[in-house]
Structure formats: C-alpha cells, structure tokens
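Working notes, structure below.
The values are calculated or read from the model by the stated rules, or taken from the named source; none is laboratory data. Just so it is clear, the model here is predicted, and its values are computed rather than measured. Glycine gets a Cβ as well: all are built from the backbone with ideal geometry, and neighbour counts include every protein chain shown.
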Amino acid sequence: MLSNDSVARSDSRAINLTFILIAVTVVLSLLYAIQHYAGGPIQLAVVSRVQDLALSPDNATLAAGANDGNVYLWHTQQGWERSILSKHKRSIIGVAFTPDSGTLISASRDGEIRLWDVETGNVREMIQTGTKLNDLSLADDGSVLSVVGEDNKVHIFEVASGELIQSLGPTSNTALAVALDAQGTLVAAGNGASIEIWDARTGDPLQTLTNYCEDETLETRAACEEADEDWLGHEKEVTALAFSPDGTLLASGSADTTIIFWALETGDVEWPSIGHWSTVKTMTFHPDGRSMLSGGEDNKIRNWRVPGGKSTAIFEGHLSGVNGVAFGWGPEMILSGGADGTVRVWETANQKVTFIAWTKKGLQPVWGSLLRTWMLVSGIVGLVSLLGLRRAQPWGHLLALFLYVVGPIVVLGLPLLEVFIYPLSLGEQLSIGWPLLLLLGWYGMVVYALMRQSVAVSYEAPESSTLSEQLMASQRTRKLRNAIFIIAVWFLIMVVLYSVLRRFNLDVAFMRHFFSFIMGGAWMTLRISALSIGLAVVLALLGALGRLSKNPIANGVSGFYISLIRGTPLLVQIYIWYLGLPRVNVVLPAQVAGTLALGVNYGAYMTEIFRAGIQAIGKGQYEAAEALGMSRTQLYRRIVLPQAFRIVIPPIGNQFIAMMKDSSLVSVMSIWELSYRAQKIGRQNFRSLETFMIAAAFYWLLTVIFQFLQGQLEEYMARSERR
Amino acid sequence: MTEPIIRVRDLHKYFGPLHVIQGVDLDVTPGEVVVIIGPSGAGKSTFLRCLNFLEEPSAGTIEIDKLKIDAQEPLRRQRRHIRELRQKAGMVFQQFNLFPHMTALENIIEAPMTVKGLSKQRATEKAEELLDWVGLSDKRDEYPSRLSGGQQQRVAIARALCMEPKIMLFDEPTSALDPELIAEVVEVMERLASEGMTMVVVTHEIHFARDVSDRVILMADGGWAEIAPPNKLFTDPEEERTRQFLAHIL
C-alpha cells in the first residue's frame with residue numbers, strides 16, 4: 001500500500017522525464033515508419049521466392065524465376081555458377097527454354113514476356129501483353145508459346161517472330177493455368193474449376209472439361225451423391241495444367257488439392273488421384289510419358305505413375321510451397337524450386353536432397369514489413385497515450401504500459417523464432433540482432449520509467465481527489481497493471497511453446513488439409529461429454545440420495561454402484577459395455593454405449609460430490625422447512641437441492657472438463673470423435689504427431705471456452721452471497 | 001374459562017438414557033403469552049421443539065387447536081397429522097434459519113405456495129403486507145446475506161406468520177443478536193402479542209417476560225419448577241429454585 005506521503009509528494013521531475021521519454025519514442029517510431037513507407041534505404045527482405053523452374057534441354061542451364069523479378073541462372077556444368085537476369089519489374093510467373101537451349105523465355109506479372117539470349121544474357125525480344133500474367137506455357141517443339149493473365153484471355157504467340165497468333169476467350173472465370181501440347185496444336189486453360197480446350201491454330205473451341213456425375217442424367221452434385229454415384233472433377237480453381245507428351249491425356253491440378261488425369265478423347269476423368277495436401281502449384285510430364293512430377297503448397301513434390309495415377313514417391317524438404325519441378329539430367333534425379341528461395345536437386349531412389357542452391361540467402365522478408373508496421377502502430381498508439389498522459393488520465397498510463405510491455409513481445413517475438421527455421425549462420429543473425437537489442441533496451445527503459453511509483457501514482461489519482469479516492473484509484477490501476485503483465489507472460493510462454501513446436505518440424509500443410517475433418521470430431525466430443533455429464537448428474541443425484549437415505553435397499557444399491565464403478569478402470573468399463581451388451585443381444589449404437597459408459601462412470605464419482613454438497617446444508621434449513629410444514633419431497637426440491645447445487649457446481653465443472661478429455665477413451669468404440677479421427681488420419685499418413693497436435697488444440701479450446709462459461713454460471717449462482 | 005388452544009399431557013423425552021423432559025403438563029388459552037425461562041440444560045428448547053415435533057417426544061400427548069397427537073403411537077403413521085399441526089404452529093429459531101438462496105420475499109412466500117398451494121400473486125400480496133408490518137418493505141428483494149441479524153429475524157417472523165398459524169413458538173429469538181438489535185425484534189414480538197397471538201416463548205429476555213407475558217414458567221431439571229404471573233414470579237417467588245435462578249440473572 002502506498003503511503004499518503006508518496007501520493008502527495010509525486011515527483012514532477014520523474015513524471016516529466018517519463019513523458020519526454022515516451023514522446024521521443026513516439027517521434028522516432030513515426031519517423032522510422034514514414035521513412036520506410038516512403039521507400040527507405042534499408043531492405044531487409046533477403047529471400048526471393050522461386051515461382052517457376054526450367055532446365056535447358058542440353059542440361060547446361062537451370063533457370064528459376066523469382067518473385068523479385070529476377071531470373072536466376074545456374075550453369076550446372078561450371079560448378080553451379082550463378083548469374084542473374086534482372087529486367088522484369090514484377091514477379092516472374094513462368095520460365096521456359098526453347099528446344100535448342102539458346103533462348104530463355106520468361107513471363108512476369110508486369111505483363112511482359114522476354115526472350116533472352118542464354119549465352120550473353122541480353123534481351124532478344126520483348127512482348128507487351130498489357131495484363132498481369134498468371135501462367136506461361138511453351139510447346140515442346142518451341143514453335144508457339146501461350147500465356148493467361150488477369151484479362152482471362154489466352155494469348156498465343158509465335159516464338160520466332162513474337163507475333164500474336166490467337167487471342168482466345170475471355171473465359172468466364174479466372175484463368176490461373178495454361179498448357180500447350182507438344183506440337184502446339186491444342187491449348188488448354190483453366191476456367192475456374194473447369195478447363196477449356198481450343199485448337200491453337202484456328203482458335204476453335206474443342207472441349208470443356210468440367211465436373212460431372214458418373215450417372216450423367218443427374219445434374220446437381222446433391223442429386224448425384226444421393227444416388228450414391230461418384231462426383232468427378234475439380235471443385236475449386238484449376239491451378240496447374242500439363243499435356244502428356246503423346247497428347248492423349250491432360251493432367252490438371254487444383255486448389256481443391258486434387259490432381260485429375262483426363263482422357264482427351266472422351267473428355268472423362270481417366271484417373272482421379274489424392275493429389276497434395278494443399279493447392280497444386282506445378283506439374284510436368286516426363287518425356288517418356290510414363291511418369292509425372294507435381295509440386296504443391298504443402299511443400300512437397302510427388303511422383304506419379306501415369307497409367308493409374310498412383311503416387312509413387314514423396315519428396316519432403318522444402319520449407320515453403322513448391323512452385324517449380326523438372327526432371328534432371330539423369331534418370332535418378334529431379335529438380336525443384338520453392339517459395340523458400342531454394343532450388344533443390346533430389347535423388348529419386350531415396351528421396352534425399354543432394355544439393356541446395358539459394359536465390360538469395362538470409363532472413364525472412366517479414367522483418368522489414370513487420371518492424372515497419374510496428375513502428376507505425378506504436379507511433380500512433382503512443383501518440384494517443386501521450387494525449388492521455390498530458391491530461392493526467394490513468395488510461396494514458398495503462399495504454400503506454402500495454403504498448404511497451406505486450407507489444408514488443410508479440411511483434412518481435414514471433415518473427416524472431418522464424419529465424420530458426422532458416423539455416424542461417426550466426427553472423428547473419430547478429431547483423432540485425434544488435435539494433436533489436438538496443439530497441440528492446442530502450443523499451444525496457446520506457447517501461448521502467450512508467451512503472452516508477454511516483455509516476456504511476458500521479459496518473460492513478462489526481463492530487464485534487466480525496467485520499468480514499470486516491471487509494472481506490474491506485475488499487476484499481478494496480479490490478480489493471482497486473483493484468484497487463486499477466487497478458488505479457490502468457491504471450492511470452494506461448495512464444496516459447498511455439499518455438500518448441502517449430503522444432504517438431506510439423507507438416508503444416510498436412511495439418512491444414514485435415515484440420516476441418518478433425519475439427520468435425522470436436523462436435524462429437526462435445527455432444528458425448530454433454531450427454532454423459534447429464535446422465536452422470538442424474539445418477540449422482542439418485543446415488544447421493546440413496547447413500548444418505550435410511551432405506552436399506554436404496555442405500556445398498558447406491559453403495560454397491562459406487563464401489564463397483566469406482567473400483568474398476570474406465571477403459572475396462574468401456575470395453576465391457578462394448579463387448580458385453582451384444583452377448584445378451586442388446587446391440588446399442590456405439591455413441592449410446594459410449595455415453596452410457598462415461599455417464600455411469602462419472603455418476604459414481606460425482607455421487608460423492610453430491611453427497612458432500614447435500615451434507616453441507618445445515619440442520620437449521622431442514623428444521624425451518626419442516627416447521628413450515630413442508631413434506632420431505634418439497635424440502636429437498638425447494639430448499640436443500642438448490643443450495644446443494646450451488647455448492648457442487650465448481651466440482652461438477654471440474655468433472656466435465658475431465659470428462660471432455662476422458663471421452664477420448666470411447667474412441668476404442670470407433671466413435672468418430674476428436675481422438676479417433678486424429679488417430680485414424682495420423683496412422684494412415686504416418687503423421688500421428690500432427691493430428692494429435694490438432695486434437696490437443698481442440699481439447700484445450702473446448703476447455704477454455706467451458707471454463708469461461710462455468711465462471712459466468714458460478715457468478716450467477718453466487719448472487720445471493722454477494723454483500 | 002375458555003378452552004385451551006395448547007394442551008400438553010405427561011410429556012416425556014429421552015435422549016438415550018438421559019431423561020430430559022420428565023412428564024410435564026401445560027394448558028395455554030388463546031391469546032395467552034407464556035414465557036419459559038430457566039437455566040441452560042433444563043430442557044426449555046427441547047420442550048418447545050417437541051410441541052411441533054421437530055423433536056419426537058418419547059411419550060405423552062400434544063393437542064394444538066383440537067388436533068391431538070399421541071407420541072405413544074408410531075409417529076410414522078401420523079406424518080400427515082404432524083404436518084398439519086406444524087402449519088398451526090409457526091416457529092422462530094435462534095439462528096433465524098432463513099433460506100440463503102432466496103430473497104426476503106421469496107423466503108416468505110415459499111411455504112404458502114408449496115405447502116398451502118397459494119397462488120404466487122396472493123402469497124406476494126400477503127408477504128408484502130407482513131413485510132410492511134415488520135418494517136422491512138424496502139428489503140423485499142434483498143438476499144439474507146445482506147440483512148442484519150435483527151432484520152433477518154424479523155423476516156423469519158414474517159415467514160412464520162404468512163402461514164397464518166394459530167400459535168407462535170419462539171426459540172430464544174434474540175440470543176444470537178447483537179445487543180442493539182434485540183429491541184427491534186422484541187418490539188415486533190410485543191406488537192404480535194398485543195394483537196392477540198398465542199405465543200410460547202423460550203427466552204432470556206427478562207424485560208419481555210416481565211412486560212408482555214401473561215404467565216412465566218421456570219423450568220429446571222426437565223420439569224416445571226414454578227408457574228406464576230410475571231409480577232409474582234419476579235418479585236415474590238415461592239420456590240427456592242426460582243430464587244436461586246433469579247439471583248443469577250438479575
């Protein structure tokens with residue numbers, strides 16, 4: 001408690017100093033933000049995402065188009081020496097070599113297609129399309145190239161002359177992918193979830209590949225599924241396309257994560273496949289047409305056997321989405337480029353990376369933008385808090401505290417951990433570590449100044465107020481201040497937890513892919529727990545009344561029930577319910593059996609809780625009710641049980657929380673609740689850790705929500721005790 | 001002589017081997033106020049609680065407003081009669097025993113509604129009248145935890161009165177109260193007596209006994225030591241036992 005003295009003798013110098021300190025911080029933050037939003041000199045972005053990859057037919061040059069507008073070339077025969085072609089102003093979206101390996105074609109979001117001389121690195125020709133481009137495709141014979149862009153049209157150019165031959169479309173939906181067949185006779189482009197095919201020479205529309213029902217008389221998906229038929233085709237935008245070398249198949253990848261092989265002759269799905277765990281980004285056929293490679297946003301490359309559409313190998317290692325894949329110069333080798341800024345060489349036999357080349361190497365670009373945003377936000381929020389401080393408002397003081405305590409942890413803590421996932425050398429980390437430490441040190445000083453008692457007190461209670469007002473205000477502010485620090489501690493622990501989780505190297509794309517499926521189990525978990533706790537409460541109430549009753553039958557029954565159920569493990573009981581009932585020809589649905597097992601088990605434990613609750617009601621209450629002429633039933637219903645319920649609500653809530661997690665045991669009955677789903681999916685894909693992490697997160701979330709609700713209920717029930 | 005409203009004959013109560021009440025008789029006429037005083041352990045409270053069967057008498061008969069119950073017969077079979085008898089006898093406890101989960105008003109209307117089947121509206125009207133009568137109209141929606149001891153006891157009296165009892169039993173109603181709160185409860189009891197309620201009061205409040213009661217009973221060792229009008233008992237007691245007790249408390 002602070003003394004009257006310290007209230008009265010609030011140190012005006014410390015207050016002014018604090019004010020100046022914050023003012024300086026705010027001004028510097030704003031200056032930094034303004035300078036950087038105006039395009040300041042420091043550019044912390046170091047990684048360039050690879051958007052497409054191409055290997056020249058003579059295997060001498062590997063080209064990677066990146067999102068910084070550069071095309072990175074590696075001369076594979078000269079020790080992977082690197083050169084950079086930088087003329088494009090925006091992100092590259094496609095690169096390709098002509099069959100003679102002499103010309104490199106690149107297309108970019110700036111709307112330009114450039115034809116480069118690979119030897120000299122000069123631009124041989126430049127084509128302006130006037131629209132932001134989405135995809136590029138070059139016919140295998142090098143005669144024509146085609147692009148699609150934001151105008152949703154397919155443009156076909158002659159490579160030799162650079163002249164526009166055809167402009168097809170526009171398609172009714174976004175066109176994200178385009179493909180030419182080997183001779184440049186057919187062109188296919190995505191049209192939302194369907195695919196349009198034209199004759200590339202005449203521009204005649206030939207075919208539309210769209211989703212359909214196996215029973216073609218059924219037109220809607222719902223009708224199709226009702227008739228128990230397969231609904232075939234993509235459900236989301238087509239994001240990658242490739243013709244097989246012999247021109248009989250078209251492979252399409254989609255944002256719905258699947259890959260489909262279409263038979264061009266019939267226009268039907270030849271082989272559907274599981275595809276990736278996230279959007280399919282790129283596909284390429286082997287020249288012999290017997291296998292295909294695909295890369296996806298799930299950071300993985302998959303190899304497909306073309307007859308059948310079965311996945312034969314998965315290549316894992318990219319830290320971010322795979323945007324380009326190519327077959328290497330040996331039969332045992334493939335190449336890939338990803339958004340993590342790397343180009344990787346893989347051995348197909350054991351699916352290991354043998355070589356990594358970086359576009360640029362360094363920290364995440366997130367630094368620059370986050371720091372800049374933080375500076376702007378903290379500048380503005382700091383300005384507001386200054387306003388509050390000047391007018392001696394306690395909220396100004398608290399706002400400033402919150403800003404400089406919680407803010408840095410959130411903004412700087414998370415990206416700092418990102419550093420660990422990129423294999424950087426110590427020097428690179430330190431190069432921006434020092435300014436950061438200085439920044440944090442400065443914030444520490446600000447927080448210290450804000451926390452000084454004389455400063456804090458001066459904002460908590462203006463001197464004009466009475467002593468009791470001052471004391472109340474300071475108590476209130478102290479509470480809020482503690483809350484701010486508690487939030488900071490939570491964030492800090494979560495940041496640490498997050499860093500540990502990153503070390504687990506979890507497959508994020510996989511988790512995202514199955515997230516909603518596992519989430520579906522949360523509802524089942526909640527339902528089973530809620531029904532079971534309902535049953536348990538009824539049983540516990542009866543059990544407790546039985547235990548307290550003088551009737552030997554009631555007493556004996558409930559005593560035996562408690563003894564038996566508490567004396568055997570829940571898992572064993574679940575098995576007995578599950579296996580025993582069918583023996584006496586009682587076949588219950590698994591959910592009912594599971595609910596019974598849990599409810600009966602928890603009922604036994606909760607009987608003791610109820611008994612204690614009822615016994616906690618004083619004798620005087622019984623006497624008062626009896627003296628008023630109430631019957632036994634009326635007495636329990638109106639006087640004893642309502643009071644007992646209020647006493648048992650906290651322990652029952654506790655039991656409910658425990659039950660929500662114990663409900664995972666009914667997964668042995670094949671009930672599709674959280675744990676069972678996690679277990680199933682995890683085993684199928686050899687990723688149990690990932691799926692159980694999701695399940696754990698949901699259990700936690702449910703518990704947190706329930707705890708909040710329980711708190712509200714307790715507060716409501718305690719209304720008669722408030723003084 | 002009018003017909004007595006309470007008639008107790010040869011009442012005995014044992015707690016195990018302990019003979020707590022040793023065969024007492026009592027007649028109380030309507031409108032009479034009887035105060036029972038005596039040293040602690042004399043069996044005053046037990047006697048009072050036997051009157052409405054909160055303690056089961058071991059032997060004897062109790063008749064209240066022409067409803068007679070013989071303790072010799074199994075009480076189990078007479079449950080219904082006991083409940084009826086309890087409705088005729090309102091009881092006020094030392095520890096108030098208000099229902100803590102109900103507001104003052106809810107405390108009062110609870111029994112009329114559940115036991116007598118009164119409509120909520122009727123019960124509330126009556127309860128509000130009674131709250132006004134005990135001077136607590138402004139506390140109708142407060143929970144007991146927010147009331148002082150004196151206020152709680154006045155609500156408890158209103159609660160008992162709302163059942164429209166024929167007689168009222170007070171079991172040391174002021175013993176748990178702070179001295180300055182006793183007066184407000186005693187005042188209510190005095191008004192109740194002046195309105196003609198038949199009352200049996202166990203108390204240490206000598207002033208109440210002297211000023212309000214019609215008869216004072218000194219109870220000692222499980223029986224009546226002396227029964228007399230207050231001015232006689234307090235000034236000129238006949239028994240040695242009475243003199244001893246008065247010497248202690250006066």
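The numbered conditions (1) closer than 19 Å to A:Thr354 by Cα; (2) touching a residue at least 40 places away in the same chain (Cβ under 8 Å); (3) not basic (Lys, Arg) are all true for A:Gly94 except (1). Tell me, yes or no, whether the stretch A:571-581 has at least one residue that is within 14 Å of chain B (Cβ to nearest Cβ), touching a residue at least 24 places away in the same chain (Cβ under 8 Å) and either more than 30 Å from B:His101 (Cα to Cα) or under 43 Å from the mean Cα position of the chain (by Cα) (or both). No, the stretch A:571-581 contains no residue that is within 14 Å of chain B (Cβ to nearest Cβ), touching a residue at least 24 places away in the same chain (Cβ under 8 Å) and either more than 30 Å from B:His101 (Cα to Cα) or under 43 Å from the mean Cα position of the chain (by Cα) (or both). Name the pairs: first residue in the stretch A:53-76 and on the phi < 0 side of the Ramachandran plot, second residue acidic (Asp, Glu) and buried (at least 22 other Cβ atoms within 10 Å of the Cβ), Cβ to Cβ under 8 Å, at least 6 apart or on different chains? These pairs meet every condition: A:Ala64/A:Asp52; A:Gly65/A:Asp52. When B:Asn107 is tested against (1) in a helix (DSSP H, G or I); (2) under 30 Å from B:Gly38 (Cβ atoms); (3) touching a Leu at 6+ places or on another chain (Cβ under 7 Å), just one condition goes unmet, and that condition is (2). Within the stretch A:547-557, is there a residue that is buried (at least 20 other Cβ atoms within 10 Å of the Cβ) and either more than 18 Å from A:Gly613 (Cβ to Cβ) or in contact (Cβ under 8 Å) with a residue 60 or more places away in the chain (or both)? The answer is yes; a qualifying residue exists. One residue alone among A:Ser252, A:Ser278 is in a strand (DSSP E or B) and of a type in the set (S, T, N, Q), and that residue is A:Ser252. Of the residues A:Ser675, A:Ser670, the single one that is in contact (Cβ under 8 Å) with a residue 24 or more places away in the chain, surrounded by fewer than 17 Cβ atoms within 10 Å (Cβ to Cβ), more than 21 Å from A:Ala604 (Cα to Cα) and more than 14 Å from every other protein chain (Cβ to nearest Cβ) is A:Ser670. Step by step: first the residues of the stretch A:608-664, then only those that are in contact with a Ser or Thr (Cβ under 7 Å, 6 or more places away or on another chain) and away from every other protein chain (no Cβ under 13 Å), then the one that is nearest to B:Ile108 (Cα to Cα). Which residue is that? Per the criteria, the residue is A:Phe656. Based on what the data block shows, is A:Ile518 of a type outside the set (Gly, Ala, Ser), exposed (fewer than 13 other Cβ atoms within 10 Å of the Cβ) and either in a helix (DSSP H, G or I) or at pLDDT below 80 (or both)? Here the answer is no, as A:Ile518 does not meet what is asked. Scanning the stretch B:51-85 for residues that are within 14 Å of another protein chain (Cβ to nearest Cβ) and among the acidic types (Asp, Glu) yields a count of 4. Candidates are the residues of the stretch B:86-135 that are among the acidic types (Asp, Glu) and surrounded by fewer than 22 Cβ atoms within 10 Å (Cβ to Cβ); the one that is farthest from the other protein chains (Cβ to nearest Cβ) is B:Asp132.
Picking from residues in the stretch A:659-692 that are farther than 16 Å from A:Leu531 by Cβ and of a type in the set (A, V, I, L, M), the one that is modelled with the lowest pLDDT is A:Val668. As a summary of the residue check, B:Met197 satisfies the conditions (1) in contact with a strand residue (DSSP E or B) (Cβ under 6 Å, 6 or more places away or on another chain); (2) within 14 Å of chain A (Cβ to nearest Cβ) except for the one numbered (2). Screening the stretch B:136-147 for residues that are farther than 16 Å from A:Ser720 by Cβ and not acidic (Asp, Glu) and picking the one that is farthest from the other protein chains (Cβ to nearest Cβ) gives B:Ser137.
Within the stretch B:43-50, can one find any residue that is under 19 Å from the mean Cα position of the chain (by Cα), facing chain A (nearest Cβ under 10 Å) and surrounded by fewer than 21 Cβ atoms within 10 Å (Cβ to Cβ)?
The initial filter retains those residues of the stretch B:43-50 that are under 19 Å from the mean Cα position of the chain (by Cα), namely B:43-50.
If we keep only those that are facing chain A (nearest Cβ under 10 Å) too, we end up with B:49.
Subset that is surrounded by fewer than 21 Cβ atoms within 10 Å (Cβ to Cβ): none.
Within the stretch B:43-50 (the criterion being under 19 Å from the mean Cα position of the chain (by Cα), facing chain A (nearest Cβ under 10 Å) and surrounded by fewer than 21 Cβ atoms within 10 Å (Cβ to Cβ)), the answer is no, since none of the residues qualifies.
Screening A:Pro331, A:Pro307 for residues that are under 20 Å from A:Trp262 (Cβ atoms) and modelled with pLDDT under 90 leaves exactly one candidate, A:Pro307.
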